[in-house]
Amino acid sequence: MLKRLLIIIVTVLALPSAVNAQWDAQFSDYTTLKSLYNPAVSGTNGMLDVAAAYSMQMAGYDDAPKTMYLGANLPIYFLGPRHGAGVSLMNDEIGIFKTQRINLQYAVNMKLGKKSRLAVGVQGSMISEEIDPSDLKLSDTNDPAFPTSTVNGSGFDFAAGLYFYNPKYWAGLSVQHANAPVLEVGDTYEVSMSQIYYLMGGCNIKIKNTLLSLQPSFLVQTDLQSWREDVQCKLTYEYENRKMFFGVGYSPKTSVTAMVGGNFHGVQLGYSYQMYTEGIGLENGSHEITLSYQTNLDLFKKGRNKHKSVRFL
């Protein structure tokens, strides 16, 4: 096998998340991309929420995993009760494998008390899987484990979730690949996807008499056989329409993450570096950039379009 094939072997042997289960691509700054993990989040903040992310994992290796995400969700006020919808695209590449997803989301939320809400959401996806062996040079060109030309296949995927939230804290439970799809790639190969469950939660803690606040959170994912846990905490400084945050994250037996970012008039830019604590090592970690934008679309809100007269103040 050539060096390009080593990336596949290293991924399987070195990363605990790849050894134990077929995890989906994961981003370090998961709180910025909550709707990626749970479709019930769509439209719950009452704003148009557009987010993009790019992650380059295992830096320094040839054909290292690269993941790109672009998504948008918004509330649909004209339907009456608070409804939400979202759409997202994802492209995930690792070695000779490329996975692409197009997701459509719908959510509806209801009141629980004065300030709390519970949302229910579903997601339908089209998944495409491609295997391109063009860069491989094998000692045995007739090895049946590898195709001789590019092959691809596609199928339908389904996800669902619950999301509880209020101004102080939030929590969500969701399942991806609920229908456990099996993609036929070419005439010979199959790609099966196990159901993966996600439990997320977090809160916002104001530090008295300061412009600072803390946002601790967690993300647990499992296929009911293996587990991965991530905990994170951001320290945010907020003044008028400007925010700055610094954060740290930790995943037992996997990685330590450092993150920094800022929000200016609704536009947030963040950078994260995930350092693997086992297998690959600290110097070959993952770089991640997130960019998001939020704006209020509630045109039906009482008084939103009122203006004072320039003659009668």
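No value in this document is a laboratory result; all are computed from the given coordinates. What you see is a predicted model, and the numbers here were worked out from it, not measured in a lab. Note: ideal-geometry Cβ built from the backbone for every residue, glycine included; neighbour counts use all protein chains shown.
A few notes on this one:
- In terms of packing, defined here as the mean over residues of other Cβ atoms within 10 angstrom, the peptides 24-35, 236-247, 161-172 line up highest first as 24-35, 161-172, 236-247.
- Per-peptide packing, taken as the mean over residues of other Cβ atoms within 10 Å, places 90-98, 265-273 in the sequence 90-98, 265-273 from highest down.
- Total formal charge among the other residues, if their Cβ is under 11 angstrom from that of Thr254, Lys/Arg +1 and Asp/Glu -1: -1
- Centroid-to-centroid, using Cα positions, the stretch 221-260 and the stretch 97-125 are 22 Å apart.
- Spin-label pair Leu162/Met126, simplified geometry with 7 Å Cα→Cβ offset, distance in nm: 3.3
- Magnitude of the charge dipole, the stretch 3-296, Cβ model with Lys/Arg +1 and Asp/Glu -1, debye to 20: 1880
- Inter-label distance, Cys233 to Tyr54: 3.3 nm, where each label sits 7 Å from its Cα along the C-beta direction.
- Modelled spin-label separation between Asp187 and Arg117, with each label point placed 7 Å from Cα along the Cα-to-Cβ direction: 5.3 nm.
- The number of Lys pairs in the stretch 3-296 with C-alpha atoms less than 15 Å apart, excluding pairs fewer than 8 positions apart on the same chain, is 10.
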